[in-house]
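Report on the following structure.
Every number here is computed from the coordinates shown, using simple stated rules; none is lab data. The structure presented is a predicted model; accordingly, all values stated were derived computationally and were not measured. A quick note on method: Cβ atoms are made from the backbone with ideal geometry, for glycine too, and the neighbour counts reach across all protein chains shown.
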Amino acid sequence: MSTYRIQGATGEWEVVIGLEVHAQITSNAKLFSGAATAFGAEPNTQVSLIDAAMPGMLPVPNRECIRQAVRTGMAIEAKINRWSRFDRKNYFYADLPQGYQISQLYHPLVGEGRLLIEADEKAGIAEDKWIGIERIHVEQDAGKLMHDQHPTMSYVDLNRAGVALMEIVSRPDMRSPAEAGAYLRKLRAILRYVGSCDGNMEEGSLRADVNVSVRRPGEPFGTRTETKNVNSVRFVMQAIEHEAMRQVDVLESGGTVDQETRLFDPATGTTRTMRSKEDAHDYRYFPDPDLLPLELDEDFLAECRASLPELPDAKRRRYIEVLGLTPYNARELTAEVETFARFETLLAETARATGKGEAEVATQVANWSLSVAPGVIKALGDEADPANATARAQAAILAMQDKGAISGGQAKEIFEIVMKTGRDPAEIAETEGLRQVSDTGAIEAAIAAVIAANEDKVAEYRAGKDKLFGFFVGQVMKAMAGKANPQVVNQLLKDKLG
């Protein structure tokens with residue numbers, strides 16, 4: 001079992017990691033107003049009177065935002081609290097006109113849950129591990145300050161002000177940058193499976209506050225720092241590595257780690273101090289007087305539960321146990337929504353084209369989906385037209401290969417032409433001479449010629465030098481310009497040489 005440790009000048013240190021992930025809830029309106037939430041709109045064009053904190057405006061919870069948060073909680077096996085309450089978090093927000101944030105502290109919508117990260121020896125994760133999730137609470141986002149539009153002025157865009165967020169707070173259960181990366185990737189996948197967040201980290205729909213501390217193995221937790229708003233998995237891992245090393249250096253030089261909020265600089269891969277870390281009492285939380293508690297009935301919870309799709313872990317198990325895929329292929333195919341959707345569409349189309357069950361063609365389709373097709377598309381670059389990569393065209397190629405009409409190499413060649421031109425695969429195979437020869441007469445003639453030209457090697461083979469069989473196969477395939485059906489060649493050669 002591999003264990004991540006930092007080797008300092010005075011011995012080993014263990015890193016302790018927790019993540020607070022802010023996920024923008026998928027909805028057409030904000031958490032407490034009817035303003036739109038589209039990304040990229042002109043500044044201050046998606047702001048209601050409530051978002052602008054006009055006098056007398058009262059918030060009304062968006063049912064869809066609550067529904068999506070509950071569905072997310074169910075997807076991570078969390079406790080759904082039938083009674084929850086909104087609190088006011090008092091803090092100076094230059095980009096939140098009301099001057100406080102409506103959040104949940106004491107009575108969150110979702111309680112404790114958990115998430116499984118899978119073993120990945122390559123990444124340094126030796127075994128499957130459950131990561132505890134403390135809670136999911138719903139809150140409103142702040143707006144955005146833009147400092148680069150004018151040399152002496154800052155501008156405020158309130159389009160994001162009031163957008164619904166889920167804050168998903170993990171336990172401090174992660175012990176390496178790799179585990180944190182795996183947790184964030186898995187959480188993002190679940191959110192996208194469920195449809196509660198689009199997971200677009202580049203647009204800020206998903207971002208993480210990274211809590212890091214270090215300690216000697218077996219000792220109590222050390223003082224943690226919080227690095228705010230890190231917006232990619234790679235940056236989260238870099239921030240952890242740098243911050244852990246920084247804390248070790250501070251402690252080994254006789255200093256103490258300050259509890260503080262820090263910022264991550266992607267250009268340098270380092271963190272820097274932003275402000276001293278506040279505690280909950282500094283925000284003067286109290287129940288929001290404008291909002292009644294949320295009370296969820298059984299019908300609402302049943303509808304949320306029934307709407308959940310097959311989730312990554314269940315899908316991965318089904319791919320292994322029912323379709324017979326390898327654990328590696330099952331993990332790769334279920335990692336992203338788009339990946340499994342393309343695979344399942346192609347699987348159904350290939351089963352139809354071959355007349356076989358899905359389990360019979362699953363391995364062929366998985367290998368094609370993960371290796372062959374992406375390799376061809378990458379090699380073609382701009383020559384490939386994505387619109388040509390239809391499931392029907394790919395299934396036609398796989399069906400010809402399954403029937404022995406074309407070889408694996410010919411399948412790739414046909415797919416290249418399909419990607420460039422959009423032509424029909426069967427027509428390409430016919431007109432371009434990309435069909436496999438299964439005519440036993442032609443193959444027997446080629447075998448006879450090869451045997452006649454290599455009588456010495458035939459004698460060696462018959463004397464027990466079995467490895468020469470590959471030589472004969474190669475010579476026959478060469479004589480047939482690579483178009484002979486390998487299975488037929490193998491069988492006829494065994495008969496002739498035997």
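Could you tell me what % of all Cα pairs in region 312-431 have separations over 16 Å?
The calculated P(r) of region 312-431 puts 58 percent of pairs beyond 16 Å.
Give me the distance between the Cα centres of region 442-498 and region 238-295, rounded to whole Å.
Centre-to-centre (Cα) distance: 70 Å.
How would you classify region 44-163 from its alpha-carbon gyration tensor, with a ≥ b ≥ c the square roots of the eigenvalues: rounded for a/c under 1.5, else prolate if a/b is greater than b/c, otherwise oblate?
Note, shape of region 44-163 comes out oblate.
Given the C-alpha centroids of region 1-60 and region 311-335, what is the distance between them in whole angstrom?
Region 1-60 and region 311-335 have Cα centres separated by 31 Å.
Remind me, relative contact order of region 312-431 in percent, using alpha carbon pairs under 8 angstrom and six or more residues apart?
23 percent
Beyond 26 Å, what share of the Cα-Cα pairs of region 180-304 is found? Please give it as a whole percent.
42 percent
For every other residue with a beta carbon closer than 9 angstrom to the beta carbon of G8, add +1 if it is Lys or Arg and -1 if Asp or Glu, then tell me the sum.
Residues close to G8 contribute a combined charge of -3.
I need R262, R423 ordered by Cβ neighbour count within 10 Å, fewest first.
Ranked by crowding around the Cβ, least crowded first: R423, R262.
Can you report the principal axis dimensions of the chain using only the alpha carbons, biggest first, rounded to whole angstrom?
Here the Cα extents, ordered largest to smallest, are 95, 57, 53 Å.
Please compute P(r) over all alpha-carbon pairs of region 364-444, binned at 10 Å starting from zero, and give each bin as a whole-number percent.
Histogramming region 364-444 at 10 Å steps yields 18, 53, 22, 6, 0 percent.
Could you state the angle between the C-alpha long axis of helix 486-497 and the longest principal axis of the C-alpha atoms of the chain, as a value from 0 to 90 degrees rounded to the nearest 10?
40 degrees
With a cut-off of 8 Å between alpha carbons and a minimum separation of six or more residues, what is the relative contact order of region 22-111 in percent?
25 percent
How far apart, in nm, are the 7 Å Cα→Cβ label points at V250 and E432?
According to this spin-label approximation, the distance is 6.1 nm.
Write down, largest first, the equivalent ellipsoid semi-axes of region 137-237 in whole Å, where each equals the square root of 5 times an eigenvalue of the alpha-carbon gyration tensor.
The answer is 29, 19, 13 Å, longest axis first.
For G8, which sequence-distant residues (separation of 5 or more, or a different chain) have an amide H within less than 5 Å of its own amide H, given hydrogens modelled in the peptide plane?
W13
What is the log10 of I(q)/I(0) for region 440-497, computed with the Debye formula using one identical point scatterer on each Cα and no solvent, at q = 0.18 Å⁻¹?
After summing over all Cα pairs, the log10 values are -0.52.
Under a cut-off of 15 Å between alpha-carbon atoms, report the aspartates and glutamates in cross-link reach of K122, not counting same-chain residues fewer than 8 places apart.
E179, E332
For region 379-396, take each phi angle, set θ = phi - 60°, evaluate the Karplus expression 6.51 cos²θ - 1.76 cosθ + 1.60, and give the result in whole Hz per residue in order, putting x for glycine and proline.
Computed from phi, the couplings for region 379-396 are 5, 6, x, 5, 6, 7, 9, x, 5, 7, 7, 6, 4, 5, 5, 5, 5, 5 Hz.
How large is the translational diffusion coefficient of region 234-301 in µm² per second when you combine the Kirkwood radius over alpha carbon pairs with Stokes-Einstein at 20 °C and 1.002 mPa s?
Rounded, D is 136 µm²/s.
Using the number of other C-beta atoms within 10 angstrom as an exposure proxy, rank D141, D313 with the fewest first.
D313, D141
Can you tell me the dipole magnitude for the chain around its Cα centre, using point charges on the Cβ only (Lys, Arg +1; Asp, Glu -1), in Debye to the nearest 20?
With Lys and Arg at +1 and Asp and Glu at -1, about 760 debye.
Give me D for region 6-303 in µm² s⁻¹, whole number, from Stokes-Einstein with Rh from the Kirkwood sum over alpha-carbon pairs, 10 °C and 1.306 mPa s.
After rounding, the answer is 78 µm²/s.
Over the chain, what relative contact order in percent results from Cα pairs under 8 Å that are six or more residues apart?
13 percent
Where a ≥ b ≥ c are the square roots of the eigenvalues of the C-alpha gyration tensor, would you call region 21-78 rounded, which needs a/c under 1.5, or, failing that, prolate if a/b is larger than b/c, or oblate?
oblate
How do S253, S33 line up, fewest other C-beta atoms within 10 Å first?
Ranking S253, S33 by Cβ neighbours within 10 Å, fewest first, gives S253, S33.
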